[in-house]
Amino acid sequence: MPRIFVTNDDGIYSKGIRAAVEALKDLGEVYVVAPLFQRSASGRAMTLHRPLRAKLVNLPGAKVSYGLDGTPTDCVIFALARFDDFDLAISGINLGENLSTEITVSGTASAAIEAATHGIPSVAISLEVDWRKTLGEGEGIDFSTAAYFLRRISKRILKRGFPEGVDMLNVNVPGNATPSTKIAVTRLARRRYRPTVEERIDPRGHPYYWVVGRKCEKFEPGTDSHALKVERKVSVTPINIDMTARVDPEEIKELL
């Protein structure tokens, strides 16, 4: 029976991870390790300067489930050390889309990237939701369509594997999608947000700063952002974790 690993960055108590387990539970043995708390935008950070603590959590449909007081990447490393290898790794279902090259900031995508570095076919899946609900546990969010696409894609990966050169898939589902919504195979947009820093003054007169982002509104056709935001399609982006630029080495030597 296939062994399936599930994690996220919204935390072990998110309704999105529970929807993912429910969608996958009869495809194989499901093992879950996810952060105890919200760890969005943690990227591929690891916890190296303090010990990690794990808590067994009852999660229906999972063979075993741990909440870890670390990052999503920590969760992948912990799971591999604790349970050995997996046939498939799933990160999500995330509250809020993860688009463009900024997936390297996302804890959701970075967990899938970490699993992929260990040779595990991996999927990061995110559901478009109102930004005000992205830091909650998913109350009132309908994950059923995202779960449908997750199950559909997972079944085919377990049966066929990935094409050569693909290490993971980054999947984004529109908030108003139905099972009949079309799928677009896309590439990453250059960026989704333009970050800046906002200065404010605390009650004692001292400045403090928030990193904020302004959303880009125009997207190039063929990108994940255009598919999701303009065409209202499920965006599936194949990712290769080798980020080496494919250029003539002689052109680089001219810069040295």
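The values are calculated or read from the model by the stated rules, or taken from the named source; none is laboratory data. Fair warning: this is a prediction, and the values are worked out from it, not measured in the lab. Ideal geometry is used to build each Cβ from the backbone, glycine not excepted, and the neighbour counts take in all protein chains shown.
I'd like the residue in the stretch 120-166 that is among the small types (Gly, Ala, Ser) and surrounded by 18 or more Cβ atoms within 10 Å (Cβ to Cβ) and, out of all such residues, is farthest from residue 6 (Cα to Cα).
Residue satisfying both the conditions and the ranking: 138.
May I ask you to verify whether residue 89 is under 16 Å from the mean Cα position of the chain (by Cα), in a helix (DSSP H, G or I) and surrounded by 16 or more Cβ atoms within 10 Å (Cβ to Cβ)?
Spelling it out, it is not the case that residue 89 is under 16 Å from the mean Cα position of the chain (by Cα), in a helix (DSSP H, G or I) and surrounded by 16 or more Cβ atoms within 10 Å (Cβ to Cβ).
Do we find that residue 172 is touching a strand residue (DSSP E or B) at 6+ places or on another chain (Cβ under 8 Å) and within 18 Å of residue 228 (Cβ to Cβ) in this structure?
Against the criterion (touching a strand residue (DSSP E or B) at 6+ places or on another chain (Cβ under 8 Å) and within 18 Å of residue 228 (Cβ to Cβ)), residue 172 qualifies.
Scan the stretch 222-256 residue by residue and report those that are of a type in the set (S, T, N, Q), surrounded by 10 or more Cβ atoms within 10 Å (Cβ to Cβ) and modelled with pLDDT under 95.
none
Restricting to the stretch 106-141, and then to whatever is assigned to a loop (DSSP other than H, G, I, E, B) and out of contact with any strand residue (DSSP E or B) (no Cβ under 9 Å at 6 or more places or on another chain), can you tell me which residue is nearest to residue 87 (Cα to Cα)?
Applying the filter and picking the extreme gives 119.
Out of curiosity, is residue 137 farther than 19 Å from residue 224 by Cβ, among the charged types (D, E, K, R) and in contact with a Lys or Arg (Cβ under 7 Å, 6 or more places away or on another chain)? Reasoning before the result, please.
Numbers: farther than 19 Å from residue 224 by Cβ: yes; among the charged types (D, E, K, R): yes; in contact with a Lys or Arg (Cβ under 7 Å, 6 or more places away or on another chain): yes.
In short, yes.
Take the residues in the stretch 192-218 that are assigned to a loop (DSSP other than H, G, I, E, B) and either farther than 18 Å from residue 99 by Cα or at pLDDT 90 or above (or both); name whichever of them is nearest to the chain's Cα centre (by Cα).
Once the filter is applied, the top-ranked residue is 202.
Considering the stretch 233-256 alone, what residues qualify as being of a type in the set (D, E, K, R) and over 14 Å from residue 99 (Cβ atoms)? Walk me through how you get there before you give the answer.
The initial filter retains those residues of the stretch 233-256 that are of a type in the set (D, E, K, R), namely 233, 242, 246, 248, 250-251, 253-254.
242, 246, 248, 250, 251, 253, 254, listed by residue number.
With respect to residue 184, is the statement that it is touching a His at 6+ places or on another chain (Cβ under 9 Å) and part of a strand (DSSP E or B) true?
Considered against the rule, which asks whether it is touching a His at 6+ places or on another chain (Cβ under 9 Å) and part of a strand (DSSP E or B), residue 184 comes out as yes.
Could you check the stretch 44-79 and list, in sequence order, the residues that are touching a Pro at 6+ places or on another chain (Cβ under 8 Å) and surrounded by fewer than 22 Cβ atoms within 10 Å (Cβ to Cβ)?
67, 69
Failed condition for residue 78, given (1) within 12 Å of residue 32 (Cβ to Cβ); (2) in a loop (DSSP other than H, G, I, E, B); (3) without any contact (Cβ under 8 Å) to a residue 60 or more places away in the chain; (4) of a type in the set (A, V, I, L, M, F, W, C), with all others met?
Result: residue 78 fails condition (2) only.
For the stretch 22-43, what are the residues that are at negative phi, at pLDDT below 95 and surrounded by fewer than 24 Cβ atoms within 10 Å (Cβ to Cβ)?
The answer is 37, 38, 40, 42.
Kindly check whether there is at least one residue in the stretch 92-102 that is of a type in the set (Gly, Ala, Ser), in contact with a strand residue (DSSP E or B) (Cβ under 6 Å, 6 or more places away or on another chain) and within 17 Å of residue 10 (Cβ to Cβ).
yes
Tell me which of these residue 40 doesn't satisfy, since it passes every other one: (1) within 16 Å of residue 2 (Cβ to Cβ); (2) out of contact with any Pro (no Cβ under 6 Å at 6 or more places or on another chain).
So the condition that residue 40 fails would be (1).
Would the stretch 72-87 turn up any residue that is modelled with pLDDT of 95 or more and within 20 Å of residue 151 (Cα to Cα)?
Yes; the residues of the stretch 72-87 include at least one that is modelled with pLDDT of 95 or more and within 20 Å of residue 151 (Cα to Cα).
Out of all the residues in the stretch 1-21, which are surrounded by fewer than 19 Cβ atoms within 10 Å (Cβ to Cβ) and either assigned to a strand (DSSP E or B) or out of contact with any strand residue (DSSP E or B) (no Cβ under 9 Å at 6 or more places or on another chain) (or both)?
3
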